[in-house]
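Just so it is clear, none of the values below were taken in a lab; they were calculated from the coordinates. Bear in mind that the values here come from a model prediction, so they are computed numbers and not experimental data. Don't worry about glycine lacking a Cβ; one is built from the backbone with ideal geometry, like all the others, and counts go over all protein chains shown.
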Amino acid sequence: MTVILNQSFTGISIGAVLLLIALGLTLTFGQMGVINMAHGEFIMAGAYTTYVLQKSISSAGASLLVALPLAFLVAGAMGALLELLLIRRLYTRPLDTLLVTWGVSLMLQQLARDVFGAPNVQARAPDLLTGNISVGGGMTFANSRLFILGLALLCVLGLTLILRLTPLGRRIRAVVQNRDLAEVSGIATERVDRTTFFIGSGLAGVAGVALTLVGPIGPTMGTNYIVDAFLVVVVGGIGQLKGSVITAFALGVLQSVLEYSTTVSVAKVVVLVAIVAFLQWRPQGLYTLRTRSLA
Amino acid sequence: MSGLSISRRGLLAGASAVGATAALSACGAKTGSDTTSTGAQADTSGDTVKVGLLNSLSGTMAISEVTVHNALLLAVKEINAAGGVLGKKLKPVSQDGASDWPTFAEKAEALITDDKVIATFGCWTSASRKAVKPVFERYKSLLFYPVQYEGLEQSPYIFYIGATTNQQIVPALDYLKKQGLTRLYLVGSDYVFPRTANKIIKAYAEAQGMKVVGEDYAPLGSTEFSTIVNKVKDAGADAVFNTLNGDSNVAFFKEYKSAGLTAKSLPVLSVSIAEEEVKSIGTQYLEGQLTAWNYYETTPGAANEKFVKAYQAAYGADKPTSDPMEAAYISVHLWKEMVEKAGSFEAAKVKKAADGIELDAPEGKVTVDGATQHVYKTARIGKVGSDGLITEVWNSGKPIQPDPYLKGYDWAAGLS
């Protein structure tokens, strides 16, 4: 029983990491349809932001709290710049976008290598987050995982509120559902695109901060996560936040339960096979966006 | 086709060497008499010779390999300051293997055929060594490999300066057994070294009455260890034998601490974590954990004091020194001794001169074993202290004879 509960929690915490790294993509890929291979490098930018901050703020806890909004701004600004310089010229050419952003991804990795050095670095975790909470019966929840879970849920909640309740959210949804109609209704679609990309990339930065609690910070850390992030969005259904949330947690639990009873490699293979089978059955993903657009 | 281009390159090298020799003789200098007979296309005609340094200066392995590269450069600098080898200064030529095994093979070939290096030093992962092995054998050029590895290999053109299994893993198991830690959980990265090492550990455990209660592999670079740590926790092990490589160690030890496991409750013995890695993982995650190597920064002796001082003077006072760095450092010095004993840079003659070469190394006395092209080394078990340095808790007393195929161990008969 303890094993099952422990593994479920592990699965949920893996799901929380997946959700955080995929959340930005649900906007840029899910809503806007941009295949941004440099998304992983925005995660990296967020992680390095934490690292740099820790040099000037000695308290690990304070620097983590400052890093969250700052990483959002740094990664968001990088995303907005990328959109402004390259992606907006390629909206009708998705495959070119893929190649161009992949090139950008390689350049950003090299840049990180030149600035921070090739070896990976570490951010210190606040003492509060290195321990664990014992809930009796031999069960323990790691504090860092609880923090990531809370952060992921907070981000989902914030994003949902923005999309549902704010004028900006209404404009984003309008552009996604029918760009032409939105444009003739007086919405500055280009500006909405840039803002959407800013928020999506910024969320990648937040994910980067969270990832410093579980692993190292390095130039190639983004590439470790980018495939998983796309998987979550594709399986969840393009353009649907709740699809991504459910998928992230489902994949997390599946992975951890399989990993416990078999090995890491077998679990990965089974999860991938399950995803392929699922997409055969539902190519559109878990949830689909119904639009009235003719395109 | 490639044969043709090689011979053409060889011809060019020969021609330029002859030209250079002629020019020098004209000036009255007498040198380069052994040029044309030198193994590959190495060029020894001038007053400098090139040595190749082949390390990953980028990618996931850069964390470790850059420090080895630094140590190699330091050794080259020292040798040049002392007058060089056979009167010739060494000119280091660096190539970046980029943590990518085919790139290693490509760069190895470039070093031998384009740069015409006299010998090459480097490689870290066994995968990169296996990738360059055929290249060095084809061109009959020498590689000095500075890292502990899984044994079961003996290339005629590689000198193995790091420990083989009977100088690191077997003593580590002996140590655990002596401490009464007999139920082991094996955690490793998913590639050739951990898989082979664990095969050896399992054979040992079976013969020595120890028990392997679990075995898990994570892909190189993996950062998700929560499930593996849960399995370790539930398996009822006395100790964890860790063969994870590179950055995965960071995620593993963070998770380990988060799960409430400590060096007291369930010690981890690691074979790929040295001072540099301790520093980057974070001392608070590793304090009290065990490592198995042949050298620590804290190893006593004048040779080590000199090495640490020279390294820190060159690269920064806060930079630690580690076992692979030390092995890299002595590999260049050992090569120098071999060349001077042979009186020639020629690979075949250097190999012949290798047996019995001794060096008062930072790790203690080392002796080259000509038959296996490995080195006699002292095994040392260490414990990570609160200052991030590793202090020795046990050593083998004297240098252990290298036995890459574990021929001297009955329980290892089934391995190959």
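Observations on the model:
- FRET E, pair A:ARG88, B:LYS352, Förster distance 56 Å, beta-carbon r, rounded to 0.05: 0.25
- Placing one equal scatterer on every Cα of the stretch A:98-169 and applying the Debye formula, the log10 ratio I(q)/I(0) at q = 0.20, 0.25, 0.26 Å⁻¹ is -0.91, -0.97, -1.01.
- Cα-Cα over 23 Å, subset of B:LYS89/B:LYS130; B:LYS231/B:LYS254; B:LYS177/B:LYS398: B:LYS89/B:LYS130
- Computed over the stretch A:188-233, the ratio Rg/Rh where both radii use C-alpha atoms and Rh is Kirkwood: 1.08
- Relative frequency of Cα-Cα separations exceeding 22 Å in the stretch B:50-131, percent: 23 percent
- For the stretch A:10-166, the convex hull spanned by the alpha carbon atoms encloses 145 Å³ per residue.
- Relative contact order (%) - criterion: Cα under 8 Å, at least six apart; region: the stretch A:2-294: 38 percent
- Average silhouette area of the protein assembly as shown, convex hull of alpha-carbon atoms, in square nanometres: 34.7 nm²
- Taking label positions 7 Å along the Cα-Cβ direction at both B:SER265 and A:VAL3, the computed distance is 1.9 nm, reported to one decimal.
- Rounded tilt (10° steps) of B:302-315 against the dominant C-alpha axis of chain B: 80 degrees
- Label sites at A:PHE278 and A:MET139, each approximated as a point 7 angstrom past Cα along Cα to Cβ, lie 2.4 nm apart.
- Rounded to the nearest 0.05, the FRET efficiency derived from the C-beta distance between B:ASP234 and A:LEU111 at R0 = 41 Å is 0.40.
- Projected onto its three principal axes, the C-alpha set of chain A covers 61, 48, 35 Å, listed from the longest axis down.
- When DSSP beta bridges are restricted to pairs lying wholly in chain B, around 35% turn out antiparallel.
- Angle of helix A:39-56 to the longest C-alpha principal axis of chain A, folded into 0 to 90 degrees and rounded to 10: 60°.
- The radius of gyration of the Cα set in chain B, together with its Dmax, comes out at 22.0, 78 angstrom.
- Take the Cα of B:THR391, go 7 Å toward its beta carbon, and the backbone nitrogen atoms of the stretch B:298-342 under 16 Å from that spot belong to B:298-301.
- 0 to 90° range, to nearest 10: angle between helix B:2-26 axis and chain B longest Cα axis: 60 degrees
- Label reach from A:THR189 (point 7 Å along Cα→C-beta): in the stretch A:6-43, amide nitrogens under 20 Å belong to A:27-36.
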